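The values are calculated or read from the model by the stated rules, or taken from the named source; none is laboratory data. The shown structure was predicted, so the numbers you read here are calculated from the model rather than taken from an experiment. Note that we place each Cβ from the backbone using ideal geometry, even for glycine, and neighbour counts take in every protein chain shown. Keep in mind that these areas ignore ligands, DNA and RNA; they rest on the heavy atoms of the full protein, side chains included. Shrake-Rupley method; radii C 1.70, N 1.55, O 1.52, S 1.80 Å.
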There are 2 protein chains.
Amino acid sequence: MNPKETVDLQRASQLLKLLGDKTRLTMMKLLSSHECCVCEFVGIFKMSQPAISQHLRKLRDIELVREERRGQWIFYSINSEHEDYLLIKSILDQLPGQDESINDLEKQGLRISCG
Amino acid sequence: MNPKETVDLQRASQLLKLLGDKTRLTMMKLLSSHECCVCEFVGIFKMSQPAISQHLRKLRDIELVREERRGQWIFYSINSEHEDYLLIKSILDQLPGQDESINDLEKQGLRISCG
DNA sequence: ATAGTATATAATGATATGCTTATATGACCA
DNA sequence: TGGTCATATAAGCATATCATTATATACTAT
(Lines give C-alpha, C1' and ligand atoms only; values in the text may rest on other atoms or scores of the structure.)
Protein backbone atom coordinates (compact mmCIF):
# COMPACT_ATOMS: atom_id res chain seq x y z
CA MET A 1 0.00 0.00 0.00
CA ASN A 2 1.54 3.28 -1.05
CA PRO A 3 1.22 6.34 1.10
CA LYS A 4 -0.69 8.99 -0.77
CA GLU A 5 -0.10 12.66 -0.76
CA THR A 6 -3.44 13.54 0.69
CA VAL A 7 -5.90 11.64 2.79
CA ASP A 8 -9.55 11.43 1.88
CA LEU A 9 -11.56 13.59 4.27
CA GLN A 10 -13.84 10.80 5.29
CA ARG A 11 -10.96 8.54 6.28
CA ALA A 12 -8.98 11.38 7.81
CA SER A 13 -11.82 12.39 10.09
CA GLN A 14 -12.38 8.81 11.18
CA LEU A 15 -8.68 8.51 11.92
CA LEU A 16 -8.57 11.75 13.87
CA LYS A 17 -11.63 10.76 15.84
CA LEU A 18 -9.84 7.62 16.98
CA LEU A 19 -6.75 9.59 17.89
CA GLY A 20 -8.94 12.13 19.63
CA ASP A 21 -8.98 10.15 22.82
CA LYS A 22 -6.23 10.70 25.33
CA THR A 23 -5.78 7.04 26.15
CA ARG A 24 -5.55 5.93 22.53
CA LEU A 25 -3.34 8.84 21.55
CA THR A 26 -0.95 8.02 24.36
CA MET A 27 -0.98 4.37 23.32
CA MET A 28 -0.05 5.32 19.79
CA LYS A 29 2.74 7.57 20.99
CA LEU A 30 4.10 4.80 23.18
CA LEU A 31 3.89 2.32 20.32
CA SER A 32 5.73 4.72 18.05
CA SER A 33 8.88 4.08 20.04
CA HIS A 34 8.46 0.45 21.06
CA GLU A 35 6.13 -2.48 21.09
CA CYS A 36 3.95 -2.98 24.13
CA CYS A 37 1.90 -5.83 25.38
CA VAL A 38 -1.54 -5.37 26.84
CA CYS A 39 -0.49 -5.82 30.44
CA GLU A 40 1.96 -2.94 30.06
CA PHE A 41 -0.86 -0.67 29.01
CA VAL A 42 -2.89 -1.91 31.92
CA GLY A 43 0.03 -0.91 34.15
CA ILE A 44 0.29 2.53 32.63
CA PHE A 45 -3.34 3.59 32.45
CA LYS A 46 -5.57 3.67 35.48
CA MET A 47 -8.16 1.63 33.77
CA SER A 48 -9.49 -1.93 33.69
CA GLN A 49 -8.02 -4.53 31.36
CA PRO A 50 -11.19 -4.77 29.26
CA ALA A 51 -11.13 -1.01 28.76
CA ILE A 52 -7.57 -1.25 27.45
CA SER A 53 -8.52 -4.17 25.26
CA GLN A 54 -11.41 -2.25 23.75
CA HIS A 55 -9.24 0.74 22.91
CA LEU A 56 -6.73 -1.57 21.24
CA ARG A 57 -9.48 -3.19 19.26
CA LYS A 58 -10.53 0.16 17.84
CA LEU A 59 -6.97 0.89 16.83
CA ARG A 60 -6.71 -2.58 15.32
CA ASP A 61 -10.00 -2.28 13.45
CA ILE A 62 -8.68 0.47 11.23
CA GLU A 63 -5.28 -1.18 11.19
CA LEU A 64 -3.39 1.53 13.02
CA VAL A 65 -1.70 -1.18 15.05
CA ARG A 66 -0.80 -4.80 14.60
CA GLU A 67 -0.90 -7.56 17.11
CA GLU A 68 1.41 -10.49 17.45
CA ARG A 69 1.05 -13.27 19.92
CA ARG A 70 4.17 -14.47 21.68
CA GLY A 71 3.37 -17.24 24.03
CA GLN A 72 0.68 -16.07 26.36
CA TRP A 73 1.30 -12.39 25.62
CA ILE A 74 0.04 -10.34 22.75
CA PHE A 75 2.32 -7.54 21.62
CA TYR A 76 1.05 -4.53 19.78
CA SER A 77 3.06 -2.43 17.37
CA ILE A 78 2.49 0.53 15.06
CA ASN A 79 1.51 -0.42 11.55
CA SER A 80 3.94 1.68 9.56
CA GLU A 81 2.48 0.28 6.35
CA HIS A 82 -0.82 1.99 6.99
CA GLU A 83 -2.10 3.90 4.03
CA ASP A 84 -2.24 7.08 6.09
CA TYR A 85 0.97 6.52 7.98
CA LEU A 86 2.49 9.83 6.95
CA LEU A 87 -0.38 11.71 8.54
CA ILE A 88 -0.28 9.54 11.63
CA LYS A 89 3.45 9.91 12.04
CA SER A 90 3.41 13.65 11.56
CA ILE A 91 0.92 13.91 14.40
CA LEU A 92 2.76 11.58 16.75
CA ASP A 93 6.03 13.37 16.08
CA GLN A 94 4.56 16.52 17.54
CA LEU A 95 3.64 14.88 20.82
CA PRO A 96 5.94 14.78 23.82
CA GLY A 97 7.80 11.51 24.42
CA GLN A 98 6.24 9.12 26.88
CA ASP A 99 9.39 7.48 28.17
CA GLU A 100 8.37 8.50 31.65
CA SER A 101 5.43 6.09 31.62
CA ILE A 102 7.74 3.28 30.62
CA ASN A 103 10.27 4.21 33.24
CA ASP A 104 7.59 4.26 35.91
CA LEU A 105 6.55 0.82 34.81
CA GLU A 106 10.07 -0.47 35.15
CA LYS A 107 10.36 1.00 38.63
CA GLN A 108 7.30 -0.97 39.58
CA GLY A 109 8.81 -4.08 38.06
CA LEU A 110 5.84 -4.36 35.75
CA ARG A 111 7.75 -4.04 32.53
CA ILE A 112 9.60 -7.25 33.13
CA SER A 113 6.44 -9.16 33.84
CA CYS A 114 5.73 -9.28 30.14
CA GLY A 115 9.15 -9.20 28.55
CA MET B 1 1.64 32.92 22.04
CA ASN B 2 4.62 30.98 20.81
CA PRO B 3 4.19 27.68 19.05
CA LYS B 4 5.81 24.93 21.07
CA GLU B 5 7.68 21.99 19.76
CA THR B 6 5.33 19.45 21.20
CA VAL B 7 1.72 19.56 22.19
CA ASP B 8 0.55 18.37 25.57
CA LEU B 9 -1.30 15.09 25.14
CA GLN B 10 -4.41 16.32 26.88
CA ARG B 11 -4.72 19.32 24.59
CA ALA B 12 -3.70 17.35 21.52
CA SER B 13 -6.38 14.74 22.06
CA GLN B 14 -9.01 17.37 22.61
CA LEU B 15 -7.92 19.08 19.42
CA LEU B 16 -7.94 15.86 17.42
CA LYS B 17 -11.36 14.97 18.75
CA LEU B 18 -12.71 18.24 17.41
CA LEU B 19 -11.05 17.66 14.05
CA GLY B 20 -12.33 14.10 14.10
CA ASP B 21 -15.64 15.11 12.62
CA LYS B 22 -15.98 15.24 8.86
CA THR B 23 -17.96 18.46 8.84
CA ARG B 24 -15.57 20.34 11.13
CA LEU B 25 -12.50 18.97 9.41
CA THR B 26 -13.83 20.10 6.05
CA MET B 27 -14.65 23.50 7.52
CA MET B 28 -11.10 23.87 8.76
CA LYS B 29 -9.68 22.84 5.40
CA LEU B 30 -11.90 25.35 3.65
CA LEU B 31 -10.91 28.07 6.10
CA SER B 32 -7.25 27.28 5.55
CA SER B 33 -7.52 28.74 2.07
CA HIS B 34 -10.08 31.52 2.58
CA GLU B 35 -12.50 33.06 4.99
CA CYS B 36 -16.08 31.87 4.89
CA CYS B 37 -19.26 33.20 6.32
CA VAL B 38 -21.84 30.99 7.95
CA CYS B 39 -24.26 31.02 5.05
CA GLU B 40 -21.55 29.66 2.79
CA PHE B 41 -21.11 26.69 5.06
CA VAL B 42 -24.85 26.24 5.10
CA GLY B 43 -24.71 26.14 1.32
CA ILE B 44 -21.92 23.58 1.26
CA PHE B 45 -23.05 21.13 3.90
CA LYS B 46 -26.41 19.38 3.74
CA MET B 47 -27.24 20.45 7.21
CA SER B 48 -29.38 22.98 9.05
CA GLN B 49 -28.05 26.42 9.91
CA PRO B 50 -28.07 25.72 13.66
CA ALA B 51 -26.00 22.59 13.10
CA ILE B 52 -23.41 24.64 11.25
CA SER B 53 -23.48 27.26 13.94
CA GLN B 54 -22.87 24.69 16.63
CA HIS B 55 -19.90 23.21 14.83
CA LEU B 56 -18.43 26.67 14.46
CA ARG B 57 -18.96 27.33 18.12
CA LYS B 58 -16.94 24.27 19.04
CA LEU B 59 -14.12 25.40 16.79
CA ARG B 60 -14.36 28.86 18.30
CA ASP B 61 -14.41 27.60 21.87
CA ILE B 62 -10.88 26.26 21.61
CA GLU B 63 -9.91 29.20 19.41
CA LEU B 64 -9.22 27.24 16.27
CA VAL B 65 -11.12 29.89 14.35
CA ARG B 66 -11.92 33.55 14.75
CA GLU B 67 -15.06 35.36 13.90
CA GLU B 68 -15.48 38.83 12.58
CA ARG B 69 -18.74 40.54 11.95
CA ARG B 70 -19.10 42.54 8.75
CA GLY B 71 -22.50 44.08 8.55
CA GLN B 72 -25.06 41.36 8.90
CA TRP B 73 -22.59 38.60 8.10
CA ILE B 74 -20.10 36.92 10.34
CA PHE B 75 -16.93 35.72 8.69
CA TYR B 76 -14.84 32.95 10.10
CA SER B 77 -11.13 32.52 9.59
CA ILE B 78 -8.37 30.21 10.76
CA ASN B 79 -6.60 31.39 13.88
CA SER B 80 -3.00 31.04 12.78
CA GLU B 81 -1.87 32.36 16.16
CA HIS B 82 -3.21 29.29 17.89
CA GLU B 83 -0.74 27.71 20.26
CA ASP B 84 -0.99 24.42 18.41
CA TYR B 85 -1.12 25.88 14.94
CA LEU B 86 1.84 23.87 13.68
CA LEU B 87 0.06 20.63 14.46
CA ILE B 88 -3.18 21.88 12.99
CA LYS B 89 -1.53 23.09 9.82
CA SER B 90 0.45 19.92 9.31
CA ILE B 91 -2.80 17.98 9.41
CA LEU B 92 -4.71 20.29 7.11
CA ASP B 93 -1.84 20.29 4.62
CA GLN B 94 -2.30 16.58 4.15
CA LEU B 95 -5.96 16.87 3.21
CA PRO B 96 -7.17 17.30 -0.35
CA GLY B 97 -8.12 20.84 -1.41
CA GLN B 98 -11.79 21.71 -1.19
CA ASP B 99 -11.96 24.23 -4.00
CA GLU B 100 -14.65 22.13 -5.59
CA SER B 101 -17.09 22.94 -2.81
CA ILE B 102 -16.45 26.61 -3.31
CA ASN B 103 -16.83 26.32 -7.06
CA ASP B 104 -20.11 24.50 -6.65
CA LEU B 105 -21.27 27.30 -4.41
CA GLU B 106 -20.43 29.89 -6.99
CA LYS B 107 -22.29 27.97 -9.65
CA GLN B 108 -25.36 28.15 -7.48
CA GLY B 109 -24.80 31.84 -6.99
CA LEU B 110 -24.63 31.31 -3.26
CA ARG B 111 -21.11 32.56 -2.80
CA ILE B 112 -22.04 36.02 -3.86
CA SER B 113 -24.96 36.18 -1.50
CA CYS B 114 -22.54 36.83 1.30
CA GLY B 115 -19.71 38.63 -0.38
C1' DA C 1 -41.34 51.15 13.81
C1' DT C 2 -41.45 47.01 10.90
C1' DA C 3 -40.00 43.42 8.10
C1' DG C 4 -36.39 40.62 6.43
C1' DT C 5 -31.93 38.41 6.58
C1' DA C 6 -28.02 36.25 9.14
C1' DT C 7 -26.63 34.04 13.03
C1' DA C 8 -26.83 32.13 17.82
C1' DT C 9 -28.90 29.67 21.54
C1' DA C 10 -32.21 26.43 23.83
C1' DA C 11 -34.57 22.27 24.23
C1' DT C 12 -34.95 17.71 22.83
C1' DG C 13 -34.08 13.11 21.05
C1' DA C 14 -31.43 9.40 18.76
C1' DT C 15 -27.17 7.33 18.55
C1' DA C 16 -22.27 6.82 19.85
C1' DT C 17 -18.73 6.44 23.22
C1' DG C 18 -16.23 4.75 27.08
C1' DC C 19 -16.28 2.81 31.10
C1' DT C 20 -17.65 -1.17 34.40
C1' DT C 21 -18.48 -6.16 35.75
C1' DA C 22 -19.03 -10.81 34.28
C1' DT C 23 -17.69 -14.34 31.32
C1' DA C 24 -15.19 -16.71 27.47
C1' DT C 25 -10.97 -18.06 25.05
C1' DG C 26 -6.38 -19.50 24.56
C1' DA C 27 -1.70 -20.53 26.12
C1' DC C 28 1.29 -22.40 29.59
C1' DC C 29 2.56 -25.45 33.33
C1' DA C 30 2.25 -28.79 37.24
C1' DT D 1 -6.44 -32.78 33.28
C1' DG D 2 -6.85 -28.84 35.96
C1' DG D 3 -5.25 -24.35 37.38
C1' DT D 4 -3.52 -19.97 36.33
C1' DC D 5 -2.28 -16.05 33.62
C1' DA D 6 -3.13 -12.91 29.62
C1' DT D 7 -6.41 -11.25 26.69
C1' DA D 8 -10.96 -10.76 24.32
C1' DT D 9 -15.82 -10.38 24.18
C1' DA D 10 -20.56 -9.44 26.02
C1' DA D 11 -23.85 -6.86 28.47
C1' DG D 12 -25.20 -2.86 30.82
C1' DC D 13 -25.09 1.90 32.08
C1' DA D 14 -23.84 6.90 32.30
C1' DT D 15 -22.50 10.49 29.59
C1' DA D 16 -21.26 12.77 25.26
C1' DT D 17 -22.21 13.91 20.62
C1' DC D 18 -24.72 15.51 16.74
C1' DA D 19 -28.62 16.38 14.57
C1' DT D 20 -33.43 18.61 14.60
C1' DT D 21 -37.08 22.28 15.52
C1' DA D 22 -38.29 26.44 17.84
C1' DT D 23 -36.94 30.77 19.38
C1' DA D 24 -33.89 34.75 20.38
C1' DT D 25 -30.65 38.29 18.92
C1' DA D 26 -28.48 41.54 15.85
C1' DC D 27 -28.02 44.07 11.85
C1' DT D 28 -30.17 46.28 7.42
C1' DA D 29 -33.42 48.51 4.73
C1' DT D 30 -37.88 50.55 3.90
How about the stretch B:86-99: which of its residues are within 11 Å of chain A (Cβ to nearest Cβ) and open to solvent by 30 Å² or more (accessible area, probe 1.4 Å)?
-> B:86, B:89, B:93, B:94, B:96, B:97, B:98
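Is it fair to say residue A:58 is open to solvent by 10 Å² or more (accessible area, probe 1.4 Å), among the charged types (D, E, K, R), within 13 Å of DNA strand D (Cβ to nearest atom) and within 14 Å of chain B (Cβ to nearest Cβ)?
Details: open to solvent by 10 Å² or more (accessible area, probe 1.4 Å): yes; among the charged types (D, E, K, R): yes; within 13 Å of DNA strand D (Cβ to nearest atom): yes; within 14 Å of chain B (Cβ to nearest Cβ): yes.
Yes, satisfied.
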Restricting attention to the stretch A:19-37, and to residues there that are near DNA strand C (Cβ under 8 Å from one of its atoms) and more than 7 Å from chain B (Cβ to nearest Cβ), which single residue is farthest from the chain's Cα centre (by Cα)?
-> A:23
Kindly list, by first and then second residue, each pair from a residue in the stretch A:43-55 that is outside any loop (DSSP other than H, G, I, E, B) to a residue that is of a type in the set (Gly, Ala, Ser) and open to solvent by 60 Å² or more (accessible area, probe 1.4 Å), limited to pairs with Cβ atoms under 7 Å and residues at least 6 apart or on different chains.
-> none
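When you scan the stretch A:61-75, how many residues do you find that are closer than 23 Å to residue A:16 by Cα and either charged (D, E, K, R) or near DNA strand D (Cβ under 8 Å from one of its atoms) (or both)?
First, pick out the residues of the stretch A:61-75 that are closer than 23 Å to residue A:16 by Cα: A:61-67.
Remaining after also requiring either charged (D, E, K, R) or near DNA strand D (Cβ under 8 Å from one of its atoms) (or both): A:61, A:63, A:66-67.
Total satisfying the criteria: 4.
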Unmet criterion (only one of (1) outside any helix (DSSP H, G or I); (2) acidic (Asp, Glu); (3) over 25 Å from residue B:27 (Cβ atoms)) for residue A:83 = (3)
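Return the only residue of A:40, A:67, A:5 being within 12 Å of chain B (Cβ to nearest Cβ) and either more than 28 Å from residue B:94 (Cβ to Cβ) or not in a helix (DSSP H, G or I) (or both). Can you show your working first?
Working: A:40 fails: within 12 Å of chain B (Cβ to nearest Cβ); A:67 fails: within 12 Å of chain B (Cβ to nearest Cβ).
Answer to the selection: A:5.
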Restricting attention to the stretch B:91-102, does a residue exist that is away from DNA strand D (no atom under 14 Å from the Cβ), in contact (Cβ under 8 Å) with a residue 60 or more places away in the chain and within 21 Å of residue A:96 (Cα to Cα)?
-> yes
Condition met for residue B:80 (at pLDDT 95 or above, surrounded by fewer than 18 Cβ atoms within 10 Å (Cβ to Cβ), hydroxyl-bearing (Ser, Thr, Tyr) and more than 10 Å from DNA strand C (Cβ to nearest atom)) | yes
Only residues that are assigned to a loop (DSSP other than H, G, I, E, B) and in contact (Cβ under 8 Å) with a residue 40 or more places away in the chain: list them for the stretch B:8-35, please.
-> B:34, B:35
